[in-house]
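Shown next, in structure tokens, is the structure this report addresses.
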């Protein structure tokens, strides 16, 4: 017999409070979690309102934390950050607000450091192939086209 755990609204609230307190979550993650707990849509709405009211769930804070983390740790550029936040149904307003967390000097310094670091790992003698490898790497990480192509031209003349 396959017994599936069921939750009362109060139990689910507590469980989701812990889930949100552990790390910032977006609405989509919380909703998905509640669906996997087999909560009905009416209960999900009640729980989400509770989490918002008690500041366990905050889309602005999530977006800002996400941007800071992915920029500082994974060295993602603005394009990738925007794309990933959009995938999580974060509003344009909160995306724009979150991207302001990164200062322009920090952004450019991180970009330049990343480009140099990657260049030193590319063991390719053909300048065309070398340029392509560097450009592809930086573009995949979500750095803007104009930054990438200017930097590649500067580093591999």
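Structural remarks
- Residue check for residue 124: more than 13 Å from residue 76 (Cα to Cα), modelled with pLDDT under 95 and more than 17 Å from the chain's Cα centre (by Cα): yes
- Condition met for residue 19 (outside the structural domain of residue 111 (by TED's automatic domain parsing), without any contact (Cβ under 8 Å) to a residue 24 or more places away in the chain, assigned to a helix (DSSP H, G or I) and surrounded by 13 or more Cβ atoms within 10 Å (Cβ to Cβ)): yes
- The residue of segment 127-157 that is modelled with the highest pLDDT, among those that are farther than 28 Å from residue 61 by Cα and in a loop (DSSP other than H, G, I, E, B), is 156.
- Residue in segment 33-48 that is closer than 25 Å to residue 95 by Cβ and surrounded by fewer than 17 Cβ atoms within 10 Å (Cβ to Cβ) present: yes
The values are calculated or read from the model by the stated rules, or taken from the named source; none is laboratory data. It should be emphasised that the depicted structure is a prediction, and the values quoted were computed from it without experimental measurement. Positions of Cβ are generated from backbone atoms using ideal geometry, with glycine treated the same way; all protein chains shown enter the neighbour counts.
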